[in-house]
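The values are calculated or read from the model by the stated rules, or taken from the named source; none is laboratory data. Keep in mind the model is a prediction, meaning the values are calculated, not measured. Reconstructed Cβ throughout: ideal geometry from the backbone, glycine too, with neighbour counts over all protein chains shown.
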Amino acid sequence: MPKRLPKKRVRRAVVFPRFTGFVGTTALYSAPVDVGRYSDGIFVAWRGTGIGSTPASVVFTVQQSTDLDVWVDGSTISPSADSESVLSLGLTYPWMRVKAVVSGSDPGVCGWVVVELVMREGSREGEAA
C-alpha cells in the first residue's frame, strides 16, 4: 500500500481579483473570509500606475472580526506604482476582510490582493479550529 502524503498546510485565497478597478475615495471592502482554521496570512498586493497626471495610491488594510459586525483595523499594505508588496500577519479572530482606500487628485487605479493562509497546528482539512 502506498504511503499517504500529508495534506497541504497552506491555502490561497483571492481577496481582490487581478486588475480590480478602485475608483473614488469611498472605502471598498472585500467579502469576509472564515479564517478560524488559520494562524497566519501572507498577503501580496499589487497596484497599477493609475490614471491622470498625478496617479492615485491605494492603501489596503487587513481587518479582523469575531462576529462579522465589529471590524478591527490591523496592518496596512500600500504597494508603489506598478509593483507588489508583501505583508505577513497573525490571524487572531475567526473572520478577516480587506479594506481598500484610494487617495490622490485622480482617484482611480487598478490592483489586486491575494493571501496564503497557513493552517493552525493540529488543524486538518474539514475540522473546526
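Quick notes on this structure:
- Once segment 68-90 is narrowed to residues that are in contact with a Pro (Cβ under 8 Å, 6 or more places away or on another chain) and over 22 Å from Met119 (Cα atoms), the residue that is surrounded by the most Cβ atoms within 10 Å (Cβ to Cβ) is Ser85.
- Of note, Arg18 does not satisfy the criterion of being surrounded by 14 or more Cβ atoms within 10 Å (Cβ to Cβ) and basic (Lys, Arg).
- Filter result (in contact with a Leu (Cβ under 9 Å, 6 or more places away or on another chain) and under 12 Å from Ala45 (Cβ atoms)) within segment 13-34: Phe16, Thr20, Phe22
- Pro32 vs. criteria surrounded by 11 or more Cβ atoms within 10 Å (Cβ to Cβ) and touching a residue at least 40 places away in the same chain (Cβ under 8 Å): yes
- Just one of the listed residues (Ala56, Ala27, Ala45) is more than 19 Å from Val115 (Cα to Cα) and in contact with a Pro (Cβ under 6 Å, 6 or more places away or on another chain), and it is Ala56.
- Test result for Gly21, of a type in the set (Gly, Ala, Ser), more than 13 Å from the chain's Cα centre (by Cα) and assigned to a loop (DSSP other than H, G, I, E, B): no
- Pairs, first at pLDDT below 70 in segment 105-128, second surrounded by 19 or more Cβ atoms within 10 Å (Cβ to Cβ) and assigned to a loop (DSSP other than H, G, I, E, B), C-beta under 7 Å, six or more apart: Ser123/Arg37
- Among residues of segment 45-62 being in contact with a Phe, Trp or Tyr (Cβ under 9 Å, 6 or more places away or on another chain) and part of a strand (DSSP E or B), the one that is surrounded by the most Cβ atoms within 10 Å (Cβ to Cβ) is Arg47.
Every residue, every condition in (1) among the polar types (S, T, N, Q); (2) assigned to a strand (DSSP E or B); (3) touching a residue at least 12 places away in the same chain (Cβ under 8 Å); (4) under 15 Å from Val14 (Cα atoms), yes or no:
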| position | (1), (2), (3), (4) |
| --- | --- |
| Ile42 | no, yes, yes, yes |
| Gln64 | yes, yes, yes, no |
| Val86 | no, yes, yes, yes |
| Leu89 | no, yes, yes, no |
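- If you filter segment 66-84 down to residues that are among the charged types (D, E, K, R) and assigned to a strand (DSSP E or B), you find that the one that is farthest from Phe16 (Cα to Cα) is Asp73.
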